Amino acid sequence: MLAELTQKVSALVESKSAVGFNIKFDLGDDGIILVVGEQAPNRVTNEDGPAATTIVMSAANFAALMSGELSSMNAFMTGKLRVEGSMEKAMQLGSLFS
């Protein structure tokens with residue numbers, strides 16, 4: 001599942017302008033997806049590294065979020081998604097994934 005999710009994130013972000021910061025998706029025991037966005041092109045890896053903001057959620061919930069079955073606001077409000085680090089930067093993710 002991690003490889004498939006990583007590929008989906010890569011397809012969405014690699015062609016976009018640099019976000020200016022790193023974003024980590026911590027999927028627990030399923031692994032990490034790190035978007036290295038400090039300079040263009042954005043790069044996606046499964047290696048752990050520093051990030052301005054970290055989104056913590058299960059891989060199943062992340063897959064539902066990526067497919068549109070789960071809204072980020074609903075996930076946050078119901079505790080399925082937790083933000084560590086900069087909430088301001090986390091709010092910018094909508095434009096990155098649109």
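For the stretch 49-65, a residue qualifies if it is outside any loop (DSSP other than H, G, I, E, B) and either small (Gly, Ala, Ser) or closer than 25 Å to residue 18 by Cβ (or both), and the qualifying residues are 53, 54, 55, 56, 59, 60, 62, 63, 64, 65.
Selection over the stretch 15-26 of residues that are more than 21 Å from residue 88 (Cα to Cα) and touching a strand residue (DSSP E or B) at 6+ places or on another chain (Cβ under 7 Å) gives a count of 0.
Scanning the stretch 66-83 for residues that are assigned to a loop (DSSP other than H, G, I, E, B) and out of contact with any helix residue (DSSP H, G or I) (no Cβ under 9 Å at 6 or more places or on another chain) gives 68, 78, 79.
Can you tell me which residue within the stretch 84-98, out of those that are surrounded by 17 or more Cβ atoms within 10 Å (Cβ to Cβ) and part of a helix (DSSP H, G or I), is modelled with the lowest pLDDT?
Step by step, filter the stretch 84-98, then rank; the result is 93.
Based on what the data block shows, is residue 60 at pLDDT below 95 and more than 13 Å from the chain's Cα centre (by Cα)?
On the way: at pLDDT below 95: no; more than 13 Å from the chain's Cα centre (by Cα): yes.
Here the answer is no, as residue 60 does not meet what is asked.
Taking the criterion of being surrounded by fewer than 16 Cβ atoms within 10 Å (Cβ to Cβ) and of a type in the set (A, V, I, L, M), the only residue of the stretch 20-55 that qualifies is 40.
The values are calculated or read from the model by the stated rules, or taken from the named source; none is laboratory data. Because the structure is a prediction, the values reported are computed rather than measured. With ideal geometry, Cβ positions are generated from the backbone for all residues, glycine too; neighbour counts draw on all protein chains shown.
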